[in-house]
Amino acid sequence: MRNSLRKISDRIFTLWAFSAVTLMAAVLLVVLAPVLWRGAGAYFFKGTVEHRRMMTGEFSRGSDRRLASEWDEAVKAR
């Protein structure tokens, strides 16, 4: 095999290998990005009206007037 042909085939193989790794990384990113995004949303949970209502009832924490107005807004939105 000539040296120039060997160099060309080596570069083609290297290009295929890099493109395969890049493609796998892109697919992995497409698959895992929504999972990580939604998981971060669960980590930064701010609470719902029902959660704040339970906290007020169980531990007497929070403002009753503010909770009542939030509850009314939630009922109207539903």
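Observations on the model:
- Each peptide among 47-56, 31-40 gets the average number of other Cβ atoms lying within 10 Å of its residues, and from highest to lowest they stand as 47-56, 31-40.
- The dipole here belongs to the chain: it is taken about the Cα centre, uses +1 on the Cβ of Lys and Arg and -1 on the Cβ of Asp and Glu, and is about 460 debye.
- Between the residues Phe18, Gly57, Val75, the greatest Cα displacement towards the positive end of the dipole of the chain, with unit charges on the Cβ of Lys, Arg, Asp and Glu, is found for Phe18.
- Using distinct alpha-carbon pairs, which all enter the 1/r mean, Kirkwood radius of the range 22-68 in Å: 13.4 Å
Every number here is computed from the coordinates shown, using simple stated rules; none is lab data. These numbers were taken from a predicted model, which means no experiment stands behind them. Note: ideal-geometry Cβ built from the backbone for every residue, glycine included; neighbour counts use all protein chains shown.
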